[in-house]
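Working notes for the structure below.
The values are calculated or read from the model by the stated rules, or taken from the named source; none is laboratory data. Model, not experiment: these values are computed from the prediction. Every residue, glycine among them, receives a Cβ derived from its backbone with ideal geometry; neighbour counts consider all protein chains shown. The accessibility values were calculated without ligands, DNA or RNA, using every heavy atom of the protein model including side chains. Shrake-Rupley method; radii C 1.70, N 1.55, O 1.52, S 1.80 Å.
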Amino acid sequence: FESFVVRIPDRFRKRPCPVSAHRTPRLLNSLRPRTLTPRMESFLLITDIFLLLFWVRLWSRPDKELYFNPFLSAPTRLTDRVLDFLRPVLPLPDRLTALLLLAFFLVFRAVTLQHFLAEEPWVITLGAVFPFSPREPGMSGAMVFSALHFLFFVARFWGVYLIIQLLTPIPRRDRASQAFAFAALPLAALRRWAQLLVLLAVHGLLVYELSLAGILNLPATHPLAMTATGMANGRLIHLACLSLISVADALMMAWQLMFALLISSFLAAMMQNGALLAISNEGVSTMLGCWRQRLIVGFLDLTPLLYMASAYLLYNVVLLPCLFAIMTGNR
């Protein structure tokens, strides 16, 4: 019987793959900067916008103010209905109830992400190249980063509002301008020179708190890896540059907001939705401010695209390279 057995030469025998015999090293994954996944980024953006309603409620007095602006009356009615629903259970002042709700939703967001998206990294990125992850693992780090992520969102929106103020020397009284000012409270209640000082101070405090509660994840071979060492040693120049980078991130938020308004305007024109088209056009007009030179080609107004290109170039070609040069020159 053995004479009929086909014998396979040793050179054709299947040999174990050296890669599969051992666990694949994770060095390549560790060298890649940790960034938010699209699913987590979308969830954080939606929840930040929702939390902004209760944040603004801390600084407004709807009981003594009348909002004829539909951009303001709709979110005010939403928060008032939530507060009225909880008033029998929480017989507290409206501002204190809004503060408790804000804290509850921040904790709830941290618990939700920790439970359902624990495998995805929680990252706060400054300047698109400085990713910070929680220093404390587990729920404690998630709760701190939930609050920091929302506060950075508010601070960057304040930066967008300040950009609108700089582009609008004469204050405007249209509906979109009032809505931007309402969403930027309490910064919008200050004078313009005070707004800049408060914005710098807020970003400085947030970056300092982020340096204490987070770890900068950059590989050792990265040109800016010494920033982590400088921050650990308390180098003031690195904290100051990171604070200015955080302020400059408002340019990219303005770019994203302008892009969203253009997309909504295009969709409103396609669906022939007059209300959405009016909101989008007023938002674009407010962000452009008193832009003197309009780029009009035929029946198309390309000024919003010029605005986006200017913000992108100012951020990526001028501000970030200058700040990176200062950081690398002060090792």
* Does any residue in segment 265-287 that is more than 15 Å from Ala254 (Cα to Cα) come within less than 9 Å, Cβ to Cβ, of a residue that is open to solvent by 40 Å² or more (accessible area, probe 1.4 Å) and β-branched (Val, Ile, Thr) six or more places away or on a different chain, and which pairs are these? -> Ser265/Ile279; Ala268/Ile279
* **Close pairs (8 angstrom Cβ cut-off, 6 or more residues apart or separate chains): part of a helix (DSSP H, G or I) in segment 191-204, open to solvent by less than 70 Å² (accessible area, probe 1.4 Å) and of a type in the set (Val, Ile, Thr) anywhere** => Leu199/Val247; Leu200/Val247; His203/Val247
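Looking only at residues in segment 113-122 that are part of a helix (DSSP H, G or I) and exposed (fewer than 15 other Cβ atoms within 10 Å of the Cβ), which one is modelled with the highest pLDDT? Outline the logic, then answer.
So the first thing to find is which residues in segment 113-122 are part of a helix (DSSP H, G or I), and the list is 113-116.
From the residues that got through so far, the ones that are exposed (fewer than 15 other Cβ atoms within 10 Å of the Cβ) too are 115-116.
Details: His115: 77, Phe116: 73.
Result: His115.
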* Structure fact -> Within segment 189-221, the residues that are crowded, with 18+ Cβ neighbours inside 10 Å and either farther than 26 Å from Trp122 by Cα or in contact with a Cys (Cβ under 7 Å, 6 or more places away or on another chain) (or both) are Gln195
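Please tell me if Asp48 is at pLDDT 80 or above, touching a Phe, Trp or Tyr at 6+ places or on another chain (Cβ under 9 Å) and in a helix (DSSP H, G or I).
On the way: at pLDDT 80 or above: yes; touching a Phe, Trp or Tyr at 6+ places or on another chain (Cβ under 9 Å): yes; in a helix (DSSP H, G or I): yes.
Yes: the conditions hold for Asp48.
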* Structure fact -> Of (1) touching a strand residue (DSSP E or B) at 6+ places or on another chain (Cβ under 7 Å); (2) crowded, with 18+ Cβ neighbours inside 10 Å, Ala179 satisfies every one except (1)
* **Qualifying positions in segment 179-210 - within 29 Å of Pro134 (Cα to Cα) and of a type in the set (Gly, Ala, Ser)** => Ala183, Ala184, Ala201, Gly204
* Asked: Any residue at all in segment 92-110 that is more than 21 Å from the chain's Cα centre (by Cα) and of a type in the set (D, E, K, R)?
  -> yes
* Does segment 303-322 contain any residue that is at pLDDT below 85 and either farther than 27 Å from Ala181 by Cα or in a loop (DSSP other than H, G, I, E, B) (or both)? -> no
